Amino acid sequence: MCVKRAPAPGAKIPLTADGSAIDTRNLGFTMSPHEECAVEEAVRLVEAHGGSATVMTLGPPEAAEQMRDGIATGADHGVLVETDRTDWDPQATAAALGEAIAQLQQEGARFDLVLFGNESADAAHEQVSVRVAHRLGLPIVNGIKGLETSDGHVALRRDTAAGSERYEVPLPAAVAVKKGLNLPRYPALKGRMRARKATVRTIAALHHPGGLTSHGLRYPPDETTETEILGRGADAAPRVVELLGEEGLT
Amino acid sequence: MSDATHGSNGQSGASQTVCLVLVEADGDAVCEATRQALTVARELAGTVEAVVLAADEELARRLAPALAAEGVARVHAVTDPLLAEYGPEAFGAALAQLIRSVEPTGVVAPGTARGNEIMAHAAAVTELSLATGCVAIAVDGDAWSVTRQRWGGVLWEDATLAASVKLATLAPHAVAVQPTPGLEHATVSTFACDLDPTLARTQVAQRTPLGAGVTLSTAPVVVSGGRGVGSAEGFAVLEELAERLGGAVGCSRVATNNGWRPHADQVGQTGTRIAPNLYIACGISGATQHWVGCKDAQRILAINTDPEASLVQRADYAVIGDVQTVLRAVVDELDRARQPADAGAGG
Ligand SMILES: Cc1cc2nc3c(=O)[nH]c(=O)nc-3n(C[C@H](O)[C@H](O)[C@H](O)COP(=O)(O)OP(=O)(O)OC[C@H]3O[C@@H](n4cnc5c(N)ncnc54)[C@H](O)[C@@H]3O)c2cc1C
Ligand SMILES: Nc1ncnc2c1ncn2[C@@H]1O[C@H](COP(=O)(O)O)[C@@H](O)[C@H]1O
């Protein structure tokens, strides 16, 4: 499964003075919650059917931390596709991830499933997964919230506004999953110890830049509203009901 | 690949640039997100042409009058038997074939889950660059300058999209539909594509329609709870209020992670993004990832013990106090307010 290191901000996201990036000095790092589900699902599949799970991340050397989080959850191997500290566009990211997976395959690895998050937490391009799948010649469906493997196939479910869709995709396949697929476990102490000791493989990434060039980040125009305090505690109930009336709800 | 009815760029002169817009239909209507994409596309090229993907031209013909009213002169009916049912690979490959045939300056699609997915596949097949979740797109020489959402819209990124054919999707609700002088008639050009039958592997195999009842994404009122609700049982009073208002219950990630609510109830970046008339946020702090899921609500009422909580600051209305105490009182007051009418009807 492919996971991406991203800052873990609170209610507000701090920017550097020049607005070019997120000021990460006081922030921790994490992977996106969708990717946590991808890792959890892979670990469960290995627990049920055997085999092994490899967690791969493309990023600076520090991204090894997210890979170790994956190993702590139960993945067997970690691969860091190492870059400089710049933010790569989705085409460059996908090309390097695709090449790294192809390299592992040439060395004899066989992957039945390649799992992605539906979107990365920070960039949300919703395309790295699809581009990697195409490079590897694998079928892929996005937004998956239910996954069941059977002989040579994987049954996938995704929710839409009108209900749900079911797909029956032959293996090997790629799947981009959404939070809600499962409830990721909290890594046990044993897992953390194992992750600290696990050796991780590093593959140098080649940079083939695509056509999307970032010029920096900024806050959207202010959306703050004047808040009207309706009251404190139970005493506010009549005003709340009045408001519900104004909304046509009483 | 292209059949007789499909010309190159029609009568348009060499200086005429064409921007394609991928149409998402809502039955026989053009969905709002597509109309937003058409609004943006009109500023990007001399001519805007629409793209309808389906097994045959029927759908394109039915949508043509509505598209003509939006100023679209030509509708490309991209057809193949494989397009009878949705499948991301087939739909993406079909769009890719049209792109290679028309060579437009760019393609704009609604940034819905499906619009983003089809465009990602078309981008992967053509190896063109794609900017998703744009809130603004402008021509900048041969390139487009785009502003796109990051962190679910909490931050904006300014970027340049340079490619022979620029691909972009528009974040829902980001732009308002602008009126335009409509046309009497839109020509339907059929583009019969030639899809590899193996792409049927990612076609939808089965659909299950939604059961009856209000859902989180369509409810006019959502009563949502976070850590401040305290427990799974604590949600009972939220259920009571939601039921009385004909609304749905939502929650924060803390509530799902604690197992108090199913993930289907989660509002936010990794849950559902909603736009109800009224959002009642109970014991929710208003972290970025939650805010992006509820900020499109018409009005927000926050109930929180902390007047400094981010959601209280950004809400239209707030009550400072304990969730259980406040909601209990509100439900009782609501029942009292409704009682005289019932009593009158009964007597
Ligand atoms: C990548 C990523 C994605 C995420 N996606 C989501 C998402 O989709 N949705 C989401 O919600 N979160 C998401 N989160 C988590 C988010 O950052 C917050 O942790 C979460 O929203 C906080 O939930 P909360 O407001 O319920 O809890 P807290 O932040 O702990 O806030 C609890 C609030 O309740 C108030 N309170 C406490 N007791 C009471 C009481 N008795 N009565 C009234 N008020 C009380 C407190 O004052 C406080 O404001 C995501 C995080 C990450 C990193
Ligand atoms: N740098 C990266 N390293 C590993 N996986 C990534 C990286 N960037 C994106 N991905 C994967 O691709 C998915 C979609 O990313 P994105 O296209 O940025 O929304 C993510 O959820 C990850 O699974």
- Mind checking whether some residue in region A:175-187 is free of Cβ contacts under 8 Å to residues at least 12 places away in the same chain and either of a type in the set (Ser, Thr, Tyr) or under 28 Å from B:TRP151 (Cα atoms) (or both)? yes
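Is it the case that A:PHE116 is of a type outside the set (Gly, Ala, Ser) and touching a helix residue (DSSP H, G or I) at 6+ places or on another chain (Cβ under 6 Å)?
Values: of a type outside the set (Gly, Ala, Ser): yes; touching a helix residue (DSSP H, G or I) at 6+ places or on another chain (Cβ under 6 Å): yes.
The answer is yes for A:PHE116.
Answer with yes or no whether B:VAL249 is away from chain A (no Cβ under 12 Å) and out of contact with any strand residue (DSSP E or B) (no Cβ under 8 Å at 6 or more places or on another chain). So that I can check it myself, show each step before the final result.
Working: away from chain A (no Cβ under 12 Å): yes; out of contact with any strand residue (DSSP E or B) (no Cβ under 8 Å at 6 or more places or on another chain): no.
So B:VAL249 fails the test.
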- Using the structure shown, decide if B:ALA281 is in contact (Cβ under 8 Å) with a residue 40 or more places away in the chain, part of a strand (DSSP E or B) and more than 10 Å from every other protein chain (Cβ to nearest Cβ). yes
- Task: Considering every residue within region B:248-264, establish whether at least one is more than 14 Å from ligand 1 (Cβ to nearest atom) and touching a residue at least 12 places away in the same chain (Cβ under 8 Å).
- Result: yes
- Query: Residues in region A:105-113: is at least one within 14 Å of chain B (Cβ to nearest Cβ) and free of Cβ contacts under 8 Å to residues at least 40 places away in the same chain?
  - Reply: no
- Which residue pairs have Cβ atoms under 9 Å apart, sit 6 or more places apart or on different chains, and have a first residue in region B:300-317 that is in contact (Cβ under 8 Å) with a residue 24 or more places away in the chain and in the same structural domain as B:THR288 (by TED's automatic domain parsing) and a second that is in a helix (DSSP H, G or I) and away from ligand 1 (no atom under 11 Å from the Cβ)? B:ILE303/A:ALA236; B:ILE303/A:VAL240; B:ILE303/B:VAL330
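Applying the selection to region B:252-287, what residues are small (Gly, Ala, Ser), within 23 Å of the chain's Cα centre (by Cα) and within 24 Å of A:THR160 (Cα to Cα)? If you could, list the steps in order and put the result at the bottom.
Looking only at region B:252-287, we keep the residues that are small (Gly, Ala, Ser), and these are B:252, B:255, B:259, B:264, B:268, B:271, B:275, B:281, B:283, B:285-287.
The next check asks that each one be within 23 Å of the chain's Cα centre (by Cα); those that pass are B:252, B:264, B:268, B:271, B:275, B:281, B:286-287.
Hits for region B:252-287 are B:SER252, B:ALA264, B:GLY268, B:GLY271, B:ALA275.
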- Task: Within region B:231-271, count every residue that is of a type in the set (S, T, N, Q), surrounded by 21 or more Cβ atoms within 10 Å (Cβ to Cβ) and more than 16 Å from ligand 2 (Cβ to nearest atom).
- Result: 3
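Please find, within region A:126-151, the residue that is farthest from ligand 2 (Cβ to nearest atom) out of those that are over 16 Å from A:VAL81 (Cβ atoms), polar (S, T, N, Q) and more than 7 Å from every other protein chain (Cβ to nearest Cβ).
Quick first cut of region A:126-151, residues over 16 Å from A:VAL81 (Cβ atoms) only: A:126-127, A:130, A:133-134, A:137-151.
Narrowing the set further to residues that are polar (S, T, N, Q) leaves A:127, A:142, A:149-150.
Narrowing the set further to residues that are more than 7 Å from every other protein chain (Cβ to nearest Cβ) leaves A:149-150.
On the way: A:THR149: 19, A:SER150: 24 Å.
Checked region A:126-151; the qualifying residue farthest from ligand 2 (Cβ to nearest atom) is A:SER150.
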- From the list A:VAL46, A:VAL81, A:VAL39, which one is within 16 Å of ligand 1 (Cβ to nearest atom), modelled with pLDDT of 90 or more and more than 14 Å from chain B (Cβ to nearest Cβ)? A:VAL39
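If you scan region B:305-324, which residues turn out to be aliphatic (A, V, I, L, M), outside any loop (DSSP other than H, G, I, E, B) and more than 6 Å from ligand 1 (Cβ to nearest atom)?
Applying the first criterion (aliphatic (A, V, I, L, M)) to region B:305-324 yields B:309, B:311-312, B:315, B:318-320, B:323.
Those still in the list that are outside any loop (DSSP other than H, G, I, E, B) too: B:311-312, B:318-320, B:323.
Result: B:LEU311, B:VAL312, B:ALA318, B:VAL319, B:ILE320.
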- Query: For region B:202-273, which strands (runs of 3 or more DSSP E) that fit wholly inside it have 1 or more residues that are in contact with a Leu (Cβ under 6 Å, 6 or more places away or on another chain)?
  - Reply: B:221-225, B:248-251
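Among the helices (runs of 4 or more DSSP H) lying completely within region B:30-111, list those that include at least 3 residues that are under 21 Å from the mean Cα position of the chain (by Cα) and over 30 Å from A:GLY137 (Cβ atoms).
On the way: elements: B:32-41, B:58-69, B:88-102.
Hits in region B:30-111: B:32-41, B:58-69.
Counting only residues that are more than 30 Å from A:ASP151 (Cβ to Cβ), part of a helix (DSSP H, G or I) and within 8 Å of ligand 2 (Cβ to nearest atom), how many does region A:95-125 have?
Residues of region A:95-125 more than 30 Å from A:ASP151 (Cβ to Cβ): A:95-96, A:99, A:119-125.
Now narrow it down to the ones that are part of a helix (DSSP H, G or I): A:95-96, A:99.
Subsequent filtering for residues that are within 8 Å of ligand 2 (Cβ to nearest atom) retains none.
Result for region A:95-125: 0.
Could you pull out the residue among B:ALA302, B:ALA297, B:ALA329 that is more than 8 Å from ligand 1 (Cβ to nearest atom), assigned to a strand (DSSP E or B) and either more than 26 Å from A:LEU183 (Cα to Cα) or more than 28 Å from the chain's Cα centre (by Cα) (or both)? Steps first, answer last, please.
Values: B:ALA297 fails: assigned to a strand (DSSP E or B); B:ALA329 fails: assigned to a strand (DSSP E or B).
On inspection, the qualifying residue turns out to be B:ALA302.
Does B:VAL188 qualify as being within 14 Å of chain A (Cβ to nearest Cβ) and touching a strand residue (DSSP E or B) at 6+ places or on another chain (Cβ under 8 Å)? Give the steps one after another, and end with the answer.
Numbers: within 14 Å of chain A (Cβ to nearest Cβ): no; touching a strand residue (DSSP E or B) at 6+ places or on another chain (Cβ under 8 Å): yes.
Criteria not met by B:VAL188.
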- Message: Against the definition (crowded, with 16+ Cβ neighbours inside 10 Å and more than 9 Å from every other protein chain (Cβ to nearest Cβ)), how does A:ALA237 come out, yes or no?
- Response: no
- Item | Long-range neighbours under 7 Å by Cβ, at least six apart or interchain, first residue farther than 17 Å from B:ASN277 by Cα within region B:208-220, second hydroxyl-bearing (Ser, Thr, Tyr) | B:THR208/A:SER164
- Message: If I ask for residues that are over 22 Å from B:THR105 (Cα atoms) and at pLDDT 95 or above, which ones from region B:157-189 would you list?
- Response: B:GLU157
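The values are calculated or read from the model by the stated rules, or taken from the named source; none is laboratory data. In this text, all values refer to a predicted model and were calculated from it rather than measured experimentally. Neighbour counts are summed over all protein chains in view; Cβ atoms, including those assigned to glycine, are modelled from backbone coordinates with ideal geometry.
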